[in-house]
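A.B. asks: The following block contains the structure, expressed as C-alpha cells.
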Amino acid sequence: MKKMEFTKAEKSKALLRAAIFGPSGSGKTFSALRIATGMGGKIAVIDTEHKTAIKYADRFEFDVCDLEEGSIDEYIAAINAAAKSGHDILIIDSLSHGWKKLLEEMDMLTTGKYNGNSFRAWSEGTPRQHRFIDAILSYPGHVIATMRSKTEWTIEETEKGKMKPTRIGLTPEQGKGIEYEFDLLLELSPQHYCTTLKDRTGKFQDVIIEKPGEEFGESLIAWLNEGVEPPPPPVDMQAAREALREDMTARWPGKEKEKFEAVAAEYMTRHSKVLPSTAAIETKEEYDNFVAILNELNPKEKK
C-alpha cells in the first residue's frame, strides 16, 4: 500500500471542464463557441445537433465532427480523435443525444435480453455512461459541453398587468448527477442570460451574465493558467506498447520481429534487462530507452 502523507496544497494550472445547459434557442452552441474563442487555441466541435455548429463557421474558426448515431462509442471515438489531432478546446454539442441513445439501448435490452428487468439492463448501461464521463474528464485539453434542458411553459404577469406564456428550462437532459462532473455549470435562459450555478473559480458564482462570450472566456483562461505546473498525467503503458507494435509493423512489414530482436539485444547490453516481447516494457523510462535505441539503429528509417 502506498504510504499516506500530506503535502502543502498549491493551486496548479488546470483544464476547464464546463457545461452549458438551457432550452432550445437559448444560445448554447453560439455561447460555447464565443467562450472557446476567447480562451484561445485550436477548437474542435463534436456536433450531434444536425450540423448546427457549421452555421457559425463564418464567425468562428473551428474543426467539426458530425456524429451520425450518437452512441457512446461514437462519442468516445470522436473525443479520442480530437485529442490525437491536438485540439486545445473540445466543444461537445451536445451531451443530451448520448443520454437519449443510451436510454433507447436500455429499453431494448430491458424488453429483449432481460425480459423486462430494467435493473439488469442497467448493469450494462451504467458502465457505458461511466466510460463516457471518463473520456470527457480525461481529455488532454479544455472541454465545454452543452446539454439540452427539459422545457416547460408558465404564465407570468407583465409590467402592464397582462398575462403571457413564458418558456423556462428545467434540469439538463443527461444522467442524474451529471453536474457533479464539471467545474463550471452555466444555465442559459431563452433571453440569453447566463446564471452560474456552480463555479470552482470562485469569481462567477451566482453571477448573471448577459450573452456570455469572448470576454468571459478570457477571464476563465486567465484563472486556469494561474498556479504551478501540474504533474504530468500517468502514461498508459498498454496503449504505448500497442502503438509501438503498430509503428514497427508499419515501418517494417514482415520484418518487425527481426527489428525487435536486434533492438532488444542492444537494450540488454545497455540496460541489463531481457525483453522477450514489447509486453516486457513496463515503464515510460524503459519505453523511451527502447525507442531511442530503435531510432538510433535505424537512422535512415526514423520518422
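The values are calculated or read from the model by the stated rules, or taken from the named source; none is laboratory data. What you see is a predicted model; the values in this text were computed from it and never measured. Glycine gets a Cβ as well: all are built from the backbone with ideal geometry, and neighbour counts include every protein chain shown.
A.B. asks: Scan SER118, SER94 and give me the residue that is assigned by TED's automatic domain parsing to the domain that holds THR37, modelled with pLDDT under 95 and within 21 Å of GLY217 (Cα to Cα). Write out each step before concluding.
C.D. replies: Working: SER118 fails: within 21 Å of GLY217 (Cα to Cα).
Answer to the selection: SER94.
A.B. asks: Contact list please: Cβ distance under 6 Å, first residue in the range 99-121 and at negative phi, second residue among the polar types (S, T, N, Q) and in a loop (DSSP other than H, G, I, E, B), pairs at least six apart or on different chains.
C.D. replies: TRP99/GLN174; LYS101/SER71
A.B. asks: Would you check if there is a residue in the range 250-258 being modelled with pLDDT of 90 or more, aliphatic (A, V, I, L, M) and assigned to a helix (DSSP H, G or I)?
C.D. replies: no
Per-residue answers, yes or no, for (1) within 31 Å of the chain's Cα centre (by Cα); (2) surrounded by 13 or more Cβ atoms within 10 Å (Cβ to Cβ); (3) not polar (S, T, N, Q):
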position: ASP247; (1), (2), (3): yes, yes, yes
position: ARG251; (1), (2), (3): no, yes, yes
position: ALA292; (1), (2), (3): no, yes, yes
position: PRO299; (1), (2), (3): no, no, yes
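Residue by residue, here is whether (1) in contact (Cβ under 8 Å) with a residue 12 or more places away in the chain; (2) under 30 Å from SER31 (Cβ atoms); (3) outside the structural domain of LYS28 (by TED's automatic domain parsing) holds:
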| site | (1), (2), (3) |
| --- | --- |
| GLY213 | yes, yes, no |
| LEU220 | yes, yes, no |
| PRO230 | yes, yes, yes |
| ARG241 | yes, no, yes |
| GLY254 | no, no, yes |
| LYS257 | no, no, yes |
| GLU261 | no, no, yes |
| ALA265 | no, no, yes |
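A.B. asks: In the range 192-207, what residues are without any contact (Cβ under 8 Å) to a residue 60 or more places away in the chain and either outside any loop (DSSP other than H, G, I, E, B) or surrounded by fewer than 17 Cβ atoms within 10 Å (Cβ to Cβ) (or both)? Reasoning before the result, please.
C.D. replies: Within the range 192-207, the subset without any contact (Cβ under 8 Å) to a residue 60 or more places away in the chain is 193, 195-207.
Matches in the range 192-207: TYR193, THR195, THR196, LEU197, LYS198, ASP199, ARG200, GLY202, LYS203, GLN205, ASP206, VAL207.
A.B. asks: Filtering the range 208-240 down to residues that are surrounded by 14 or more Cβ atoms within 10 Å (Cβ to Cβ) and at pLDDT below 90, which residue is farthest from LYS42 (Cα to Cα)? Can you show your working first?
C.D. replies: First, the residues of the range 208-240 that are surrounded by 14 or more Cβ atoms within 10 Å (Cβ to Cβ): 209, 211-214, 216-221, 223-224, 237, 240.
Within this subset, residues satisfying the condition of being at pLDDT below 90 are 237, 240.
Values: MET237: 27, ALA240: 25 Å.
Here the answer is MET237.
A.B. asks: In addition: Quick test for you: out of ILE20, ILE46, ILE79, ILE91, pick the one residue that is in contact with a Ser or Thr (Cβ under 8 Å, 6 or more places away or on another chain), buried (at least 21 other Cβ atoms within 10 Å of the Cβ) and farther than 20 Å from PRO190 by Cα. Steps first, answer last, please.
C.D. replies: Details: ILE20 fails: farther than 20 Å from PRO190 by Cα; ILE46 fails: in contact with a Ser or Thr (Cβ under 8 Å, 6 or more places away or on another chain); ILE79 fails: in contact with a Ser or Thr (Cβ under 8 Å, 6 or more places away or on another chain).
Sole residue among the options that is in contact with a Ser or Thr (Cβ under 8 Å, 6 or more places away or on another chain), buried (at least 21 other Cβ atoms within 10 Å of the Cβ) and farther than 20 Å from PRO190 by Cα: ILE91.
A.B. asks: Follow-up question, since we're still on this one. Counting only residues that are assigned to a strand (DSSP E or B) and β-branched (Val, Ile, Thr), how many does the range 4-46 have? Spell out the reasoning first.
C.D. replies: Taking the range 4-46 as the starting set, the residues that turn out to be assigned to a strand (DSSP E or B) are 12, 17-22, 43-46.
Right, trim to β-branched (Val, Ile, Thr) and you get 20, 43, 45-46.
Counting residues in the range 4-46 that are assigned to a strand (DSSP E or B) and β-branched (Val, Ile, Thr) gives 4.
A.B. asks: Restricting to the range 30-72, give me the number of residues that are farther than 20 Å from GLY86 by Cα and under 16 Å from the mean Cα position of the chain (by Cα).
C.D. replies: 4
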